[in-house]
Amino acid sequence: MRGVRSAKDISAAGCITPLNAKTTGHRCRQRAHCQATTETLFHKRTKTNVLVSDLYLWVIEMGRSYINTIIDERGSLAVANPLPGPLANLLCSIRKLPARVALTGDVVPLKDEKVQFAAESLREAILSEQKAISEASYSVSGILSSSSIGCTSRSENLQDLLDGGEPYTVYRFKIRSCTYLDSSGGTQEVDLEDIEASKADLLSPFSAKVIDGINQSEARRRALMLFCFVYLNANARDAFVLSIDRKGFDVLGKVPSLATRDGFCEYQWKEFRFSFKEEAHDIETFCRLLVEMEEEALKNVSSYSGLG
């Protein structure tokens with residue numbers, strides 16, 4: 001049940017999937033013609049409606065201030081990994097950073113005909129995601145509805161872009177280099193061929209709401225603690241889902257560490273990996289496999305206690 005993914009699989013998939021899941025970016029623009037010194041390099045930081053679909057940037061033209069980011073080629077865009085609800089507060093409290101990716105490359109504006117094609121493709125993707133949510137089973141809708149109000153899906157964010165009535169410019173981002181940073185602070189350069197061959201996980205558009213829906217539910221978090229005990233023999237006092245993908249999910253569990261001299265036990269947060277028996281290529285399959293794990297874990301507990 002506990003799986004180990006290869007470094008290539010983790011890094012290549014991990015570099016693309018966050019862009020496909022977290023659509024809003026934070027842009028840092030620079031003063032034009034400034035000298036590269038610490039005193040004058042950054043004019044100010046601004047939060048803009050920059051939305052990402054695959055490797056395309058949709059930049060809403062809020063005045064002419066956005067030009068520095070594109071033309072001067074000295075701006076930066078930060079797209080955060082989805083950290084909804086209590087998970088963000090937990091990681092902050094234990095000073096643990098999520099896995100991150102740093103990309104460098106060239107930003108190229110699309111021609112009008114390609115912009116139209118990109119917009120139509122985006123609408124199709126939004127309709128497909130909305131259909132999946134509307135036709136979701138009880139188990140899927142139960143998890144999604146448990147997420148907080150402020151946790152929106154990718155389709156909701158992108159729909160606001162197309163329906164906002166504000167002009168936007170579409171740019172294609174051509175990657176020149178890619179560095180994967182794991183949660184422990186280690187770095188790994190990723191081959192561009194692996195990036196080009198890798199595709200975003202099909203669960204990524206729904207990952208933020210699924211993670212938050214599980215973490216907001218005490219019953220589902222108790223199930224995570226049960227997973228730690230049954231499958232990994234770890235006695236977790238609390239647990240949160242850290243990330244999900246088609247092969248399984250990562251859990252952050254609060255487990256005992258060394259006992260103190262006075263007999264009390266100290267706890268530490270430890271990351272665990274749970275792998276599915278089969279790949280989940282859609283949200284329905286993911287939730288079905290999760291329910292099957294819960295049923296299996298409960299049967300194992302019953303057999304341990306002699307009640308099965």
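Taken together, the criteria place Ala125 among residues that are touching a Ser or Thr at 6+ places or on another chain (Cβ under 9 Å), within 22 Å of Phe206 (Cβ to Cβ) and not hydroxyl-bearing (Ser, Thr, Tyr). Summed over the range 93-118, residues that are part of a helix (DSSP H, G or I), more than 30 Å from Gly213 (Cα to Cα) and of a type outside the set (Phe, Trp, Tyr) total 6. In the set (1) in contact (Cβ under 8 Å) with a residue 24 or more places away in the chain; (2) surrounded by fewer than 18 Cβ atoms within 10 Å (Cβ to Cβ); (3) farther than 24 Å from Asp182 by Cα; (4) charged (D, E, K, R), the condition left unmet by Arg220 is number (2).
A quick yes/no check of all residues on (1) crowded, with 16+ Cβ neighbours inside 10 Å; (2) in contact (Cβ under 8 Å) with a residue 60 or more places away in the chain:
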residue	(1), (2)
Ser155	yes, no
Thr187	no, no
Phe206	yes, yes
Leu224	yes, no
Phe227	yes, yes
Val230	yes, yes
Ile244	yes, no
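Flag: Glu193 matches the condition of being assigned to a helix (DSSP H, G or I) and over 18 Å from the mean Cα position of the chain (by Cα). Checking the range 146-162 against the condition returns a match, with at least one residue being modelled with pLDDT under 80, in contact with a helix residue (DSSP H, G or I) (Cβ under 6 Å, 6 or more places away or on another chain) and in a loop (DSSP other than H, G, I, E, B). Annotation: of all residues in the range 269-282 being of a type outside the set (Asp, Glu) and over 30 Å from Arg95 (Cβ atoms), the one that is surrounded by the fewest Cβ atoms within 10 Å (Cβ to Cβ) is Lys277. Exactly one residue among Val230, Val291, Val301, Val210 is in a helix (DSSP H, G or I), among the β-branched types (Val, Ile, Thr) and at pLDDT below 85, and that residue is Val301. Against the list (1) over 17 Å from Leu91 (Cβ atoms); (2) in contact with a Phe, Trp or Tyr (Cβ under 7 Å, 6 or more places away or on another chain); (3) among the polar types (S, T, N, Q); (4) modelled with pLDDT of 90 or more, the condition Thr285 fails is (2).
In the set (1) more than 27 Å from Ser141 (Cα to Cα); (2) in contact with a Leu (Cβ under 9 Å, 6 or more places away or on another chain); (3) in a loop (DSSP other than H, G, I, E, B), Glu278 fails one condition alone, (1).
The values are calculated or read from the model by the stated rules, or taken from the named source; none is laboratory data. This structure is a prediction, so every number in the text was calculated from the model and none was measured. Using ideal geometry, Cβ is built from the backbone for each residue, glycine included, and neighbour counts are taken over all protein chains shown.
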